[in-house]
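The structure under discussion appears below in the form of structure tokens.
The values are calculated or read from the model by the stated rules, or taken from the named source; none is laboratory data. Values in this document were obtained by computation on a predicted structure and should not be read as measured data. Here the Cβ is made from the backbone with ideal geometry for all residues, glycine too, and neighbour counts use every protein chain on show. Please note that ligands, DNA and RNA were not included when accessible areas were found on the heavy atoms of the full protein model with its side chains. Shrake-Rupley method; radii C 1.70, N 1.55, O 1.52, S 1.80 Å.
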Amino acid sequence: MPGAATFPTSRTAVLTGAASMRGIGRATADRLAAQGWSIAILDLSGDDATAAAETISRERGVQAIGVRVDVSDQASVDTAIATVEKSMPPIVGLSNLAGISSPTPFMETTVEEWDKVFATNMRGTFIVSQRVLGGMIARRLGRIVSISSISAQRGGGTYSKIAYSASKAAIIGFTRALAREVGEFHITVNAIAPGPIDTDIMGGTLTDDRKAQLADGILVGRIGTTDDVAALTTFLMGEDAGFITAATYDINGGLQVS
Ligand code: NAP
């Protein structure tokens, strides 16, 4: 079996759900760009994705592109990744960040809401990973990092409830099974399970009171920042992380033991 390709100096990281200004994906794109990655931002709003890419390109001096995608739609993903493959350096990294929350109690959850949450959080992760993997397998190198949640491990407990928890738990099984299939191609597949992070996904921008409530039980006494998560993803995408695969990283200030 041939060895891994050299980690190229010119390489692209694809990040889904990375256009939102205060989101984890945006901070991750910025950190990766600072490490020299070319950046592809894929999000529901093509305008926001393009604006984010332009800012990153200007501030970090790297090639960046913003493309509209609905991760739950295979044709949309195919078009978006084809655009990236045509105009950017080889895709070495993928972070599946596109996600939606779901604070609905179980007995009020409709099949429509259940399907929408799974279509974005889980099916989207499947579709994008499969589309990107063809090139990674051919090049014998890749890093996939998907965002699960502490909700998968604790059964909610912060904002979202069962549909979200179940979809994020599915990402952990997906990660382990995919890592098993693509390890021989020197492709690593990992998940990150963040605790509460200061973004707008939990029903809007968090007030200081809500941040304090959410920090209750977090051993380090605060909720997480987007940069906390970005730093971990950047490490897992990097050259030095080639022996880490099928792992799920807790990043929650110790909430998992409280
Ligand atoms: P965010 O700012 O809302 O980011 C989510 C992004 O995904 C948004 O830009 C959203 O676009 C996009 N998106 C939604 N549906 C999509 C679709 N079908 N196709 C493409 N893009 C889509 O929230 P975030 O907190 O940074 O979340 C990033 C990831 O981390 C999510 O998977 C989330 O579940 C996970 N996470 C977050 C926390 C937390 O506390 N913040 C904790 C654990 C895990 P629109 O804004 O246009 O809808």
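One line per residue, one yes/no per condition, for (1) crowded, with 17+ Cβ neighbours inside 10 Å; (2) more than 16 Å from the ligand (Cβ to nearest atom); (3) part of a loop (DSSP other than H, G, I, E, B):
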residue	(1), (2), (3)
53	yes, no, no
62	yes, yes, yes
72	yes, no, yes
78	no, no, no
83	no, no, no
115	no, no, no
118	yes, no, no
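Does segment 162-174 contain any residue that is among the basic types (Lys, Arg) and surrounded by fewer than 23 Cβ atoms within 10 Å (Cβ to Cβ)?
no
For the list (1) open to solvent by less than 30 Å² (accessible area, probe 1.4 Å); (2) in a strand (DSSP E or B), I need the number of the one condition that residue 129 fails.
(2)
In segment 199-214, how many residues are free of Cβ contacts under 8 Å to residues at least 60 places away in the same chain and either within 16 Å of residue 121 (Cβ to Cβ) or open to solvent by less than 70 Å² (accessible area, probe 1.4 Å) (or both)?
Counting residues in segment 199-214 that are free of Cβ contacts under 8 Å to residues at least 60 places away in the same chain and either within 16 Å of residue 121 (Cβ to Cβ) or open to solvent by less than 70 Å² (accessible area, probe 1.4 Å) (or both) gives 6.
Restricting to segment 144-161, give me the number of residues that are more than 16 Å from residue 201 (Cα to Cα), open to solvent by 10 Å² or more (accessible area, probe 1.4 Å) and touching a residue at least 60 places away in the same chain (Cβ under 8 Å).
2
Hey, among the residues in segment 24-50 that are over 13 Å from residue 145 (Cβ atoms) and among the β-branched types (Val, Ile, Thr), which one's farthest from the chain's Cα centre (by Cα)?
50
Collect the residues in segment 4-23 that are outside any strand (DSSP E or B) and under 11 Å from the mean Cα position of the chain (by Cα), keeping them in residue-number order.
Once the filter is applied, which keeps residues that are outside any strand (DSSP E or B) and under 11 Å from the mean Cα position of the chain (by Cα), segment 4-23 yields 17, 18, 23.
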